[in-house]
Amino acid sequence: MKPVWTLGAGLVLAFLASCAPETSDRISLADLGASWQVGVEGRAPVDAHVPGFVLQDLVRTGQLPDPYTGTHERDVQWVEDSTWTYTASFVCPRGWSAFDSAALEFQGLNVFAAVEVNDLPVLNADNAHRTWTTAPFQLLDSNRLRVTFIPT
């Protein structure tokens, strides 16, 4: 069985101060602390753990049988051929200002993934064996993060 989409362990939001030259290299890190859901077209999304795997989330929430017991492996093979999307909403951490930029860092995005913040693309990943960092972007007070895994 191929590994099924992974959302990496080190999802970190970095705020890059950009208002004054003497503070322009200041970086503060914030754990998003967000509640995640994962879903696929045609099925209701389920609560997800990040870091984690789609298959683990589906088994944990009772949507699928454990593929490692009995003959259930063939019952869950459709999962690896589907496009899965993790979503989370988060608010800007304290101390953030409209003059700050943000960047996301991902460790362990499994192969092909498209990342959007507030419906704007910020990253297309194509390698599971590296850390990905987005270019700086602006945030709103309330934000939506979407990570879509495209099957290979």
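Every listed requirement among (1) surrounded by 12 or more Cβ atoms within 10 Å (Cβ to Cβ); (2) at pLDDT below 90 is met by Q56 save one, (2).
Yes/no per residue for (1) in contact (Cβ under 8 Å) with a residue 12 or more places away in the chain; (2) in contact with a helix residue (DSSP H, G or I) (Cβ under 9 Å, 6 or more places away or on another chain):
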residue	(1), (2)
D47	yes, yes
Q63	yes, yes
T69	no, no
D81	yes, no
V91	yes, no
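Residues in the stretch 31-78 that are of a type in the set (A, V, I, L, M) and over 23 Å from G108 (Cα atoms) were compared, and the one that is nearest to the chain's Cα centre (by Cα) is A44. Note on the stretch 80-152: enclosed strands (runs of 3 or more DSSP E) holding 3 or more residues that are under 24 Å from G39 (Cβ atoms) are 84-91, 101-107, 112-117, 120-126, 142-149. Taking the stated definitions as given, is W78 within 14 Å of R146 (Cα to Cα) and at pLDDT 90 or above? No; evaluated as a whole, the condition is false for this residue.
Residues that are part of a loop (DSSP other than H, G, I, E, B) and touching a helix residue (DSSP H, G or I) at 6+ places or on another chain (Cβ under 8 Å) within the stretch 49-61 comprise just one, H49. Regarding F149, is this residue surrounded by 14 or more Cβ atoms within 10 Å (Cβ to Cβ) and aromatic (F, W, Y)? Here the answer is yes, as F149 does meet what is asked.
Of the residues that sit in the stretch 90-100 and are surrounded by fewer than 16 Cβ atoms within 10 Å (Cβ to Cβ) and more than 14 Å from N118 (Cβ to Cβ), which one is modelled with the lowest pLDDT? Here the answer is A98.
The values are calculated or read from the model by the stated rules, or taken from the named source; none is laboratory data. Because the structure is predicted, anything quoted here is derived from the model rather than measured. For neighbour counting, all protein chains shown are included, and Cβ atoms are generated from backbone atoms with ideal geometry for every residue, glycine included.
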